[in-house]
Every structure is written in structure tokens, then in C-alpha cells.
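What follows is a single structure, written as C-alpha cells, with notes after it.
The values are calculated or read from the model by the stated rules, or taken from the named source; none is laboratory data. As the structure is a prediction and not an experimental result, all values here were calculated from the model. Positions of Cβ are backbone-derived with ideal geometry, glycine not excepted, and every protein chain shown enters the neighbour counts. Protein only, heavy atoms only, side chains kept; ligands, DNA and RNA dropped before computing areas. Shrake-Rupley method; radii C 1.70, N 1.55, O 1.52, S 1.80 Å.
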Amino acid sequence: MCGIVGYIGNKDAYPILINGLKRLEYRGYDSAGIALIDNNKAQVYKKQGKVSELEKETATKKITGNIGIGHTRWATHGLPNDINAHPHMSMNGKFIVIHNGIIENYARLQKKLCDRGYSFTSETDTEILANTIEYIYLKGKVSAELAVRLALTKIIGAYGLVVICIDEPNQLIAARNGSPLVIGVGEKEYFIASDATPIIEHTNRIIYLNDKEIAVVTKNELSLKTITNDALIPMIQELNLDIEEIEKGGYDHFMLKEIYEQPKSINDTFRGRASQNPPEIYLGGLYNVFDKLDEAERIIIVACGTSWHAGLVGEYLIEEFARIPVEVEYASEFRYRNPIISKNDVIIAVSQSGETADTIAAVKMARELGATVIGICNVVGSSLTRETEAGVYTHAGPEIGVASTKAFSAQVTVLTMISLLLGKRRKKLSEKTYTTLIKELYKIPDKITQLLSQNETYKHVASLYKDATNCIYLGRGVLFPVALEGALKLKEISYIHAEGYPAAEMKHGPIALIDENMPVVIIATKDHSYEKVVSNIQEVKARKGIIIAVVNEGDTTIAKLADHVLEVPETLPELAPLTTIIPLQLFSYYIAVMRGCNVDQPRNLAKSVTVE
Ligand code: F6R
């Protein structure tokens, strides 16, 4: 949430900042702004709306300088307008600040500043921070770095920030607590950003800042310390990320590209970890916690949104194959409800970004309570990967579309592998079932490729329901989370109200909503509850509801009942989430496109929810 970018070096900073902001726009698109320093003078431009609006605003201006910062905002404090856009300047013009996070004690700091004669132009907590730094700087006659460090000791809350001091214009000061920040190391130049995507086209040498660390960067050197002034040695890591992976590559939207990448991303996720010959699962990232997993009395999966849906699939599979009790918790609820955790519990945190504030807080709490914490994460080097003692990366590649697609299927793939491995280690899964499942997992990418070639069907059905105002999604067992995920995809990108239910729950209330205008998407592939799902379809039809059924190829029973069928190739029931989600993703995508919605950047949303 909110994207931050900074540059210092010998190049023209403006294009680097604008391109960087475009790469980071998925983190927020309420407003964008930049500040460049040239000849000790600041040029600050900010504009409500997307980065393209800022570009239009600055097109005719002569903006110069080799040092600058930029910000794309997801509004927390104050409306998304020009005034509240970052960068924010302190009252006497000494400091310019961009910030991602929330200053929780801003009201108290604001009051103190008011008592000292400060006034404010915006409604943001960031402006309070800029002025707190300035007050300390002017009053204490200290260096800019010390003023920032002292100000940060007074802050309660989360921040990733970059600060320019106009009196010390040849440096950028960057600090982090809770909101991510990375530094790219070039030749006599440094890049700062919320994640590596704006940096990777310039350098793959990356330093990840940890919480409560501060970096002071000139074009020639970087010094790293804690905010309490202990010197640190920067650890430069080489990041393996191709620029093509973060571009649209000819697709109309990132979301479509990412849906189409799923045969590859699933394959990348199990490659080297699931072998057919001999049939085996190897999850090297879990080696140091195998004893804990073998003895665990309970597994708790914590996550948010789509990752929580993947967690629900994991619950079903781990209980089925390994017979370990599993609970799936919304990270936001878990962390605030004094959960009962013991050291015999294993917590699995699932997150695409690895930066979701609630998930990270849940992880920290579980560790403090003595549990073993494992991460399933897509972003290399993210906070989650550093807060957990073991983990498995989903190798889905960068996910830029705000609506999660390939991350979900990669998370389900990892959870499937974990459930198989635990089932085998606990001797709850026969060799035959273990082998059959691994062999079938290998076939999933081809089955998805086949599904993707049926996109004209999804487009056609989408065209019939693009004007719907509501939609119900139903599924049973391991397909219930797929119903939830299908509903989430539709509502978040097309703004059609959609709800997912376990199919049998419909009778306990939601059936009252069914009439001839209500599309009901039902996932009805063959498993042990197939007959029951057929009955659920009958119940909807008896009330004149419209049935869009996701079925196995050649299913004539449901074809006779449903208004539309979306066929998927047969697979083992436990692996069906990986195939049945594809038509639902594309159905939502085409509806959103036909409704003229901004598919990659849905309103009010941002990827990577780094605030609570
Ligand atoms: C929905 C979506 C969100 C995320 C959620 C968790 O399409 O993208 O619901 O799944 O914000 O994000 P991560 O997985 O990054 O923790």
C-alpha cells in the first residue's frame, strides 16, 4: 500500500522516478507525486489520480535534478486529492517526506506541533512526521540524519519513508518499520523503493532494510544503522528477477497475463520439489522444522483474502491426507483475539506479498507464544520470509494485477505438497495414493492449458451476465473455498455483489435471494458429494435461478439441468481447486472488461496491504 521510489546518482532522476512509480502503481493509485532537487532547490509536483495524471501535469515543465523521490498513494488519512498527495514538505520548507504506513500517534504529535506554532496544509499523518523532524532539526540544531532518527523514536506506527533535507541536499535518508523498503546498489548511484520492481531494470544488487533501520545514501556511499545509532554492515543480495516478468508482454492486462501464466507458475512451483520417479515430495525449506511438523498437535493457517481461501483448501487437504487438525484464521482476527497457542502448534502463514500487515503481526505474535511458524510466500526477501523460521516459496513470479490469480494456484500447489509430505511422514497416506496424487499433480499444467484455450466460452457466458447486480457461488468440500475465491474475484474487479457459500448452506438463508435474475455459479465436478450438488442445482432451478455450472467434461446429467456448463478436464477430486478456479477467474475477468472496469487497478484496492 503506497509505493515509494527514490533516486540519487548522476542520471536525470525524473524518468527514473516516473517509471518507478508506474511499476509501483499497483500498491495504490489515489494520487502520485515527485520531488526533485536541483541546485539546492526543490521542485515538487503532485496530482490526484494515477501516475499518468502526474505525467500530464509535468509534461510541459522543465524538471531537472539527479536526486529525487516519488510516491503513489493509497489514502489512509485524508481524501485522495492534490493536497494530501505526497511528497509532503515541512512548514519551513526544510524537509520533504514520502511515507508508506500509518503514524498512529499523529494526533498527539500534531497537538504538540500546534502548541509550538506549526500549522498544516494537508490532512495527512505524513505532514505531521515531516514537521516533527523539522522541529527537532531546527530546535536541536542537529544533523538531518539525527533529526530523523530522533523523530522516529517518537513515532508509534508503521513506516517506510524517504526524506530529503534541503540544507543537506546531496543525500537521501530512508527508514523502515513495518512497511517494506529496498535499496538498489548501482555504480555511483542508489535506488530506493517499496519493492524491487522499479529497481530491477537498473540493478539486481539489492539491500533489504529491516525494521527500525535507517540508511543514509549519497551517490557514492551508503551507511546503514539502527535508528538508535548502532552501525550495521549492509548485506547486498543478488535478485534473480527478469524485467519481462514485470511487463504485460502483449496482454491487455496483467491479470490476464497472470491467469495465462498458471500452467508455468504451477509447474515452477512443484518443479524440483515433486518427483515422479521415485514418487517423492522434497520441501527443503521445511527441513529444519520436520520434527516440529511430525509432532504438531494442530496446524493453524493464518492469511488474508485470497491467501486465506488457499488456506482453506490447505485445511481440507492436510486433514484428509495427514489427519492433523487444522484451523484457518483471518490474520486480522487471530492477532486481536488472544488465541490459545502452544509450542506444539505449527502456524503456517500464507501471503503472496509477504508484507500484509495483519499476517506479519499474527506471525510475530505466534512466535512470541512459542509456536513454530512457517511461511508460504511469493516475494523473495519480503518481511514474511524474514519473520518465519522455515518456509516454502511459491515460484509464481511477480504478480502485478491487484486481483490475485496465479498466486492462489501456486499457494494451493504448495499446500498440496505439504499435505502429501505430512501424510507420508505420519504414515496416514498409502504409497499408492501418494504416488497417484503426485503423478496427477504433474498433469495439472496441461489441463490448465486446455482450459485456457476455452476462453471464448467464458467470454460468451460473461457477455450474458455482465449486467447482473448479484451473483451466488456454491461449492462443497475442497471446492467451497473455490466458490469463495470465485465470488471475491467477481466482486473486486467488476463491482458486482457476489457471495460464496457451501452449497448445502444455501437452504439456510441465501436461497431466499434466488429468482429468475440471480446467476448461481456452482462448482460441480465429480467427487463424493456430486449427487448432493446435483440436488442443490435442482433446488436453484425450482426457484427459477440461473445455473452456471463448472462440471467435468461430458457431464450430461448437469448439462440437462444447467443454463450453462463450463467444462473442466477430469482430475482427482483433491486437485480440482487447481482446475475449477480457472473458468471462474476468466469469467470475472471478461465481465469486468465488458463493464469497462479497470481490471488491474480496481477502485479502492491496492496490492500488498501494509496497513492494518
Ligand atoms: C484478492 C487479493 C487480496 C489478497 C490479500 C492478502 O484478489 O489479492 O485479497 O489476497 O490482501 O494478500 P497477501 O497474499 O499478499 O498477504
Self-check item: Of Gly140, Ala193, Ile340, farthest towards positive along the dipole that unit charges on Lys, Arg, Asp, Glu beta carbons give the chain
Solution: Gly140
Self-check item: Positive-pole candidate from Gly314, Tyr442, Gly375, dipole of the range 248-450, charges at beta carbon
Solution: Tyr442
Quiz item: Tilt of helix 125-140 relative to the longest C-alpha principal axis of the chain, in degrees (0 to 90, nearest 10)?
Solution: 30
Quiz item: Cα axis of helix 106-115 to longest principal axis of the chain: angle in degrees, 0 to 90, nearest 10?
Solution: 20
Practice problem: Give a quick list of GluC sites (Glu not before Pro) in the range 128-226 that DSSP marks as loop, anything other than H, G, I, E or B, with at most 12 other Cβ atoms within 10 Å. | Solution: Glu187, Glu221
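Dipole magnitude of the chain about its Cα centre, charges +1 at Lys/Arg Cβ and -1 at Asp/Glu Cβ only, in debye to the nearest 20? Mind dumping the intermediate values first?
Details: 66 positive and 74 negative charges, 160 e Å.
In total the dipole reaches around 760 debye.
For the range 3-244, what is the convex hull (Cα atoms) projected area averaged across all directions, in square nanometres?
Numbers: hull surface 47.1 nm².
The orientation-averaged projected area of the Cα hull of the range 3-244 comes to 11.8 nm².
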Quiz prompt | Fraction of accessible area attributable to carbon and sulfur, the range 454-605 (%, probe 1.4 Å) | solution = 50
Quiz item: Between rounded, prolate and oblate, where does the range 248-450 land on the alpha carbon gyration tensor, with a ≥ b ≥ c its root eigenvalues, rounded for a/c under 1.5, else prolate if a/b exceeds b/c?
Solution: oblate
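Calculated FRET efficiency, Ser275 and Arg298, Cβ-Cβ r, R0 30 Å, to nearest 0.05? Before the final figure, lay out the partial values.
Working: r = 30 Å, r/R0 = 0.99.
The calculated FRET efficiency here is 0.50.
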Quiz item: Ranked by accessible surface with a 1.4 Å probe, highest first, in what order do Arg271, Arg386, Arg149 come?
Solution: Arg271, Arg386, Arg149
Quiz item: Got a sec? Charge dipole of the chain, +1 on Cβ for Lys and Arg, -1 for Asp and Glu; which of Ile102, Gly486, Gly354 is way out at the positive end?
Solution: Ile102
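Specify whether the C-alpha gyration tensor of the range 183-299 places it in the rounded, prolate or oblate class, a ≥ b ≥ c being the square roots of the eigenvalues: rounded for a/c under 1.5, otherwise prolate if a/b is larger than b/c and oblate if not.
On the way: a/c = 2.71, a/b = 1.33, b/c = 2.04.
Oblate, since a/c reaches 1.5 and b/c is not below a/b.
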Exercise. First check a/c for the range 454-605, with a ≥ b ≥ c the square roots of the eigenvalues of its C-alpha gyration tensor; if it is under 1.5, answer rounded, and if not, answer prolate when a/b is larger than b/c or oblate otherwise.
Key: prolate
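May I ask what percent, to the nearest 5, of DSSP beta bridges between residues of the chain are antiparallel? Before the final figure, lay out the partial values.
Numbers: 65 of 105 bridges.
Counting only bridges with both partners in the chain, antiparallel ones make up about 60 percent.
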Quiz prompt | Net dipole in debye of the range 3-244 [+1 Lys, Arg Cβ; -1 Asp, Glu Cβ; about Cα centre; nearest 20] | solution = 660
Quiz item: Ignoring ligands, DNA and RNA, what accessible area per residue does the range 248-450 give at 1.4 Å, in Å²?
Solution: 37
Quiz item: Over the chain, how many percent of alpha carbon pairs lie in each 10 Å bin up to the one with the longest distance?
Solution: 3, 17, 25, 24, 17, 10, 4, 0, 0
Quiz item: How much of the accessible area of the range 228-318, probe 1.4 Å, is carbon plus sulfur, in whole percent?
Solution: 49
Exercise. Could you calculate the contour length gain from His528 to Asp446, that is, 0.36 nm times the residue separation minus the distance between their Cα atoms, to one decimal place in nm?
Key: 27.0 nm
Practice problem: For the chain, find the longest principal axis of its Cα atoms and tell me its angle to the long axis of helix 406-425, 0 to 90°, nearest 10. | Solution: 60
Quiz prompt | Residue-averaged 222 nm ellipticity for the chain, from DSSP H runs of 4+ at -39500 (n - 2.57), nearest 500 | solution = -11500 deg cm²/dmol
